[in-house]
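The values are calculated or read from the model by the stated rules, or taken from the named source; none is laboratory data. Everything numeric in this text was worked out from a predicted model, so none of it was measured. Don't worry about glycine lacking a Cβ; one is built from the backbone with ideal geometry, like all the others, and counts go over all protein chains shown.
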Amino acid sequence: MTSHLCWAAVLAGALLAGCSPAQIVNGLVPSTSYRLETGMAYGPQPRQQLDVYRPLADRPPAEGKRPLVVFFYGGSWTTGERADYRFVGEALAARGAVVVIPDYRLSPRATYPVFVRDSATATRWGIDNAARLGADPRQVFVMGHSAGAYLAAMVALDARWLRADGGDPSQLAGWIGLAGPYDFLPIGDPKTQVAFNWPETAPGSQPLAHASAASPPALLMVATHDRLVDPARNTGRMAERLRTSGVKVEVRAFDDLDHVTLIGAMAKPLEWIGGPVLPPLLSFIGLAPDPPASGEPSASHRAPH
């Protein structure tokens with residue numbers, strides 16, 4: 001049986017057993033390839049906690065030289081738990097990065113800009129603790145998927161939020177957005193309307209409005225046929241605005257992925273679904289990609305000019 005069929009059988013069995021997609025993906029990744037510290041507080045609220053994934057001691061680069069990635073998950077600003085994204089922490093920590101995955105307060109109990117403030121506070125925690133965690137404080141990146149990509153963009157582009165915590169976007173080495181909504185006014189989705197207080201939504205809530213020459217370098221990854229977040233309107237316009245401002249930006253578009261599988265493909269066993277997503281991401285944060293496995297099919301992805 002080919003590796004494709006093996007993993008397909010595993011996924012089918014897990015789905016029949018009633019497992020969630022996150023449980024399925026987490027069940028496919030190793031649990032011995034990183035060190036994990038859970039439930040660390042970055043603020044006084046119950047959801048202001050984070051998990052830290054650290055590389056094993058023998059994983060290059062050396063202690064103190066590792067990049068640190070603060071990852072924000074998606075969920076339309078209304079759902080999500082940091083434990084569901086162990087596969088993201090493992091994918092990066094097993095290859096040499098320190099990874100911080102925070103929870104943040106969610107709508108409808110919290111609305112804009114509360115979740116942005118939480119994201120900035122968690123990022124400042126990562127910057128302040130990078131050296132203690134064995135990472136380079138000069139190599140801190142923010143990263144997110146979907147609504148989490150929005151949060152990463154706001155922290156990186158809108159200086160108000162990090163400065164409120166005594167930091168600054170200039171402390172970031174870059175930001176990474178996967179299928180991010182960066183320009184979504186007017187708001188039609190009812191849950192998002194609540195999260196952003198529509199129709200009183202502030203124009204400054206849109207990341208695109210804050211792209212400037214001062215923005216950190218960016219890696220923007222997108223599924224070409226994403227039906228949830230328009231890739232042309234969001235990733236396309238963001239890339240154009242950054243480039244026009246003189247900011248270094250790399251765009252990776254994947255023809256065989258969708259909004260959800262774009263993040264799922266970060267789990268090494270699931271690269272066959274349309275990746276590889278990991279190699280450009282690892283390169284962007286300064287880590288060596290895995291050597292290609294012999295006999296594996298090539299991926300359908302593009303690097304737009």
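So, Arg237, is that one basic (Lys, Arg) and either in contact (Cβ under 8 Å) with a residue 24 or more places away in the chain or surrounded by 22 or more Cβ atoms within 10 Å (Cβ to Cβ) (or both) or not?
yes
Identify the single condition in (1) within 21 Å of Phe284 (Cβ to Cβ); (2) in contact with an Asp or Glu (Cβ under 8 Å, 6 or more places away or on another chain); (3) among the small types (Gly, Ala, Ser) that Ser215 does not satisfy, given that it satisfies every other one.
Single failed check for Ser215: (2).
Name the residues in region 53-92 that are surrounded by 24 or more Cβ atoms within 10 Å (Cβ to Cβ) and of a type in the set (A, V, I, L, M), would you?
Passing the criteria: Leu68, Val69, Val70, Val88, Ala91, Leu92.
Quick check on region 1-44: of everything there that is hydroxyl-bearing (Ser, Thr, Tyr) and over 18 Å from Tyr73 (Cα atoms), which residue is modelled with the highest pLDDT?
Tyr34
Could you tell me whether region 227-239 includes any residue that is closer than 17 Å to Ser76 by Cβ, of a type in the set (Asp, Glu), assigned to a loop (DSSP other than H, G, I, E, B) and at pLDDT 95 or above?
yes
Taking the residues in region 132-187 that are farther than 30 Å from Arg59 by Cβ and among the hydroxyl-bearing types (Ser, Thr, Tyr) as candidates, determine which candidate is nearest to the chain's Cα centre (by Cα).
For region 132-187, the residue satisfying everything is Tyr150.
Within region 154-181, count every residue that is under 30 Å from Leu257 (Cα atoms) and part of a helix (DSSP H, G or I). Reasoning before the result, please.
We begin by selecting, within region 154-181, every residue under 30 Å from Leu257 (Cα atoms); these are 154-158, 172-181.
Now narrow it down to the ones that are part of a helix (DSSP H, G or I): 154-157.
Summing the residues that are under 30 Å from Leu257 (Cα atoms) and part of a helix (DSSP H, G or I) in region 154-181 gives 4.
Using beta carbons and a limit of 6 Å, which pairs, at least six apart or on different chains, have the first residue in region 72-91 and farther than 21 Å from Leu56 by Cα and the second one surrounded by fewer than 17 Cβ atoms within 10 Å (Cβ to Cβ) and not aliphatic (A, V, I, L, M)?
Going by the 6 Å Cβ cut-off, the qualifying pairs are Ser76/Lys191; Thr78/Lys191.
So which residues in region 240-256 are exposed (fewer than 15 other Cβ atoms within 10 Å of the Cβ) and either under 28 Å from Thr111 (Cα atoms) or touching a helix residue (DSSP H, G or I) at 6+ places or on another chain (Cβ under 9 Å) (or both)? It would help to see each step written out before you state the result.
From region 240-256, those exposed (fewer than 15 other Cβ atoms within 10 Å of the Cβ) are 240, 243-246, 248, 255; that's our starting set.
Once the filter is applied, which keeps residues that are exposed (fewer than 15 other Cβ atoms within 10 Å of the Cβ) and either under 28 Å from Thr111 (Cα atoms) or touching a helix residue (DSSP H, G or I) at 6+ places or on another chain (Cβ under 9 Å) (or both), region 240-256 yields only Lys248.
Could you list, in sequence order, all residues of region 264-286 that are crowded, with 22+ Cβ neighbours inside 10 Å, assigned to a loop (DSSP other than H, G, I, E, B) and modelled with pLDDT of 95 or more?
Matches in region 264-286: Ile285 only.
Out of curiosity, is Phe115 at pLDDT 95 or above and in a strand (DSSP E or B)? Let's see the steps before the verdict.
Details: at pLDDT 95 or above: yes; in a strand (DSSP E or B): no.
No, not satisfied.
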